Each structure stands twice: as structure tokens, then as C-alpha cells.
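Q: Take this structure first; my questions come after.
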Amino acid sequence: MTSPPRDVVTSPPLSATRGGLPTRVLGSRRAVAGLALLAALVALAFAGPLASPWGWADTDIAAFWEPPSSGHWFGTTQSGRDVFALVLRGMRRSLFIGLGVAALATGPAAVVGMVAGYAGGWGDRVLMGGADLLLVLPPVLVAAVLSPALGSGGPALVVLLAAFMWTVTARSVRAMTLSLREREFVLAARFLGATAPHVIVRHLLPHLASLLVADASLNVGAAIVAESGLAHLGLGVRPPDVSLGTLVADGGGTATTHPWPFGFAAGMLALIVLAVNLLGDGLRDALDPADAR
């Protein structure tokens with residue numbers, strides 16, 4: 001009896017790649033740097049107000065447009081609000097929006113894309129038809145209709161942004177799934193009687209994990225920028241509350257004369273995006289089955 005070709009199963013099982021995942025993540029300088037930077041930013045956003053002498057809603061009527069000083073570490077705004085306290089408040093809002101949208105957009109995209117690509121037929125047409133329907137809807141119009149329920153940048157805003165950011169990723173996942181389901185290791189698993197959920201989780205997901213991690217890291221920055229765009233129309237985080245996006249938008253007009261509100265908010269926004277992208281790059285490499293071998 002001839003033995004089966006050695007390259008029939010070319011994908012390492014999920015259990016094999018999972019065992020060394022922590023080691024590979026900790027061995028990636030980009031992942032460690034991104035995780036450390038993100039942890040530091042989260043700690044600053046939540047612990048920083050305890051050290052600040054001013055609250056984000058406080059107003060110092062004796063300090064309008066004051067530059068950074070010992071009394072106001074990041075300076076003050078035109079109305080006398082402390083920029084340091086505002087930036088920390090904005091960081092908490094933006095982290096909640098960015099990470100929340102990334103999770104809610106990437107998760108459904110992965111499920112819908114893999115199921116549609118693997119099942120094919122009417123299931124594929126129904127799922128992708130729903131994604132196409134969301135693609136043609138105007139996001140600004142939908143946000144305007146739903147604005148009474150959005151509040152001041154709460155969970156409803158996260159759900160709204162995620163609803164319009166998962167469709168493109170779902171199509172990319174579907175395209176990769178269509179290619180992967182014809183590979184030898186998937187055909188071998190199906191020939192041996194593996195169920196569809198088993199094939200998707202054990203054989204397809206490891207090959208798609210790097211794409212999903214990269215997409216989630218990009219969605220964090222995209223969600224924060226999208227929120228700032230909605231804020232310009234009065235549909236995002238609303239005054240007197242703030243986010244990093246609204247601080248950047250409000251400070252852009254005075255960036256040449258009073259740069260500290262714009263500069264500190266933009267700097268923190270760039271650091272958040274940098275940290276998430278570094279962490280995403282490291283996780284993407286660690287989750288790549290080819291690198292695991």
C-alpha cells in the first residue's frame with residue numbers, strides 16, 4: 001500500500017500553533033513594544049486624572065489660552081478648561097470607541113466571511129447580499145436618523161460605526177476562504193468526515209487570523225477618525241464631552257497660534273494608533289501558520 005503524499009496536510013493543527021503562541025508573541029519586539037505602549041497609555045488615561053489638579057469639566061476663569069505651565073501641565077483652552085484633563089478624558093472616550101468598534105466589526109466579519117465562503121450557494125448569496133446592502137447605505141444619513149439614540153458617544157455610536165466597517169473585511173475573508181477550502185488539508189479533513197464548524201475553526205481560522213488581527217488594528221484608528229468626522233456634523237461625541245477626535249478638530253483652527261490643545265491631542269492619538277499597529281503586526285506574525293512552522 002502506498003502512503004499518502006506528505007504534503008496532503010500542509011496546515012499545522014490549531015493546537016500545535018497555539019502551544020507556542022505566547023513565546024512567539026513575547027519574542028516579537030514589535031508586539032512587546034506595542035503592548036507596553038498601549039498599557040502605558042491606558043494607565044495614563046485612567047490613572048492620570050487622580051494626579052491632575054483639574055477635572056475635565058472644570059474652568060479656570062483666570063487662565064484663558066494659557067500655555068503649558070506648572071498650574072496647567074498641557075495649558076488651557078480658550079474657555080479656560082485644562083487641556084491635560086481634557087486629553088485624558090478624550091483618550092478614555094477614543095480608546096472605548098476604537099477598541100469597541102474593532103472588536104464588533106472584525107468579529108462579525110470573520111464569522112460571516114468564513115461561513116459564506118465555506119458554505120457557498122444560497123447561504124453565500126444571502127450573507128453577501130446583506131453586506132452589499134450596508135455598503136450602499138449612506139452612513140451620514142443613517143447616523144442623522146439614529147442621532148437621538150446615540151447620546152454622547154455611547155455604545156450606540158460604537159455599534160453604528162461597527163455596522164459600516166465590517167462589510168469590506170467580510171468580503172476579504174470570504175475570498176480567502178474560497179481559496180482555502182480547495183486546499184489539500186481542507187479536502188482531506190472533509191474526506192475524513194470533519195464537520196463544517198470543525199474545518200472552519202481548526203483549519204481555516206489559523207490561516208485567516210493574521211488578516212483579522214491586521215484588520216482589527218487598522219479599525220481602531222479608522223474608528224477614532226470616523227468619530228471625529230461625525231463630531232463635525234454634531235453626530236459623534238457632543239459638547240461638553242470630548243474625544244481625541246473632537247479635540248483635534250476643535251484645535252485645528254488655532255494650531256498656528258495656540259498649538260497645545262491640537263498638539264497634545266494629536267500626539268496622543270498618534271501614540272494610540274502606533275501602539276495598536278505595533279501590537280497588531282506582532283500578533284499577525286505570531287498567528288501566521290507559516291511562521292509557526
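The values are calculated or read from the model by the stated rules, or taken from the named source; none is laboratory data. Fair warning: this is a prediction, and the values are worked out from it, not measured in the lab. Cβ atoms come from the backbone with ideal geometry, glycine included; neighbour counts cover every protein chain shown. Protein only, heavy atoms only, side chains kept; ligands, DNA and RNA dropped before computing areas. Shrake-Rupley method; radii C 1.70, N 1.55, O 1.52, S 1.80 Å.
Q: List the residue pairs whose Cβ atoms are under 6 Å apart, where the first residue sits in the range 122-139 and is on the phi < 0 side of the Ramachandran plot, the second is of a type in the set (S, T, N, Q), and the two are 6 or more positions apart or on different chains.
A: Taking only residues 6 or more apart or on different chains, the pairs are 131/167; 134/167; 135/167.
Q: Can you list the helices (runs of 4 or more DSSP H) lying wholly within the range 163-263 that have 2 or more residues being open to solvent by 30 Å² or more (accessible area, probe 1.4 Å) and over 29 Å from residue 38 (Cα atoms)?
A: 167-180, 184-191, 196-199
Q: Wholly within the range 10-61, which helices (runs of 4 or more DSSP H) include no fewer than the required count, namely at least 1 residues that are over 30 Å from residue 185 (Cβ atoms), open to solvent by 50 Å² or more (accessible area, probe 1.4 Å) and modelled with pLDDT of 85 or more?
A: Numbers: elements: 14-19, 21-26, 29-51.
Output list reads 29-51.
Q: State which residue is nearest to residue 276 (Cα to Cα) when the search covers only the range 62-103 and only residues that are in a strand (DSSP E or B) and not β-branched (Val, Ile, Thr).
A: Taking the candidates together, the pick is 82.
Q: So which residues in the range 50-84 are among the aliphatic types (A, V, I, L, M) and closer than 17 Å to residue 249 by Cα?
A: Across the range 50-84, the qualifying residue is only 83.
Q: Moving to a separate point now. Looking at 144, 223, 162, 194 in this structure, which one is over 20 Å from the mean Cα position of the chain (by Cα), at pLDDT 80 or above and small (Gly, Ala, Ser)?
A: Details: 144 fails: at pLDDT 80 or above; 223 fails: over 20 Å from the mean Cα position of the chain (by Cα); 162 fails: over 20 Å from the mean Cα position of the chain (by Cα).
Result of the check over 144, 223, 162, 194: 194.
Q: Is one or more of the residues making up the range 81-92 crowded, with 21+ Cβ neighbours inside 10 Å and of a type in the set (Asp, Glu)?
A: Taking every residue of the range 81-92 in turn, at least one turns out to be crowded, with 21+ Cβ neighbours inside 10 Å and of a type in the set (Asp, Glu).
Q: State whether the residues of the range 236-246 include one that is of a type in the set (A, V, I, L, M, F, W, C) and under 17 Å from residue 276 (Cβ atoms). Talk me through it step by step, then tell me what you get.
A: At the first step, the residues of the range 236-246 found to be of a type in the set (A, V, I, L, M, F, W, C) are 237, 242, 244.
The next check asks that each one be under 17 Å from residue 276 (Cβ atoms); those that pass are 244.
Checking the range 236-246: at least one residue is of a type in the set (A, V, I, L, M, F, W, C) and under 17 Å from residue 276 (Cβ atoms).
Q: What are the pairs, 6+ residues apart or on separate chains, where a residue within the range 47-76 that is more than 21 Å from residue 259 (Cβ to Cβ) has its Cβ under 7 Å from a residue that is acidic (Asp, Glu)?
A: That search, which allows pairs on different chains as well, returns 58/82.
Q: Still on this structure: Mind checking which pairs have a first residue in the range 217-245 that is without any contact (Cβ under 8 Å) to a residue 24 or more places away in the chain and a second that is part of a loop (DSSP other than H, G, I, E, B) and open to solvent by 10 Å² or more (accessible area, probe 1.4 Å), Cβ under 8 Å, 6 or more apart or different chains?
A: Listed by first residue and then by second, the contacts come to 231/238.
Q: Six or more apart or on different chains, Cβ under 8 Å: which pairs go from a residue in the range 22-42 that's within 12 Å of residue 276 (Cβ to Cβ) to one that's polar (S, T, N, Q) and at pLDDT below 90? Could you list them?
A: Taking only residues 6 or more apart or on different chains, the pairs are 34/277.
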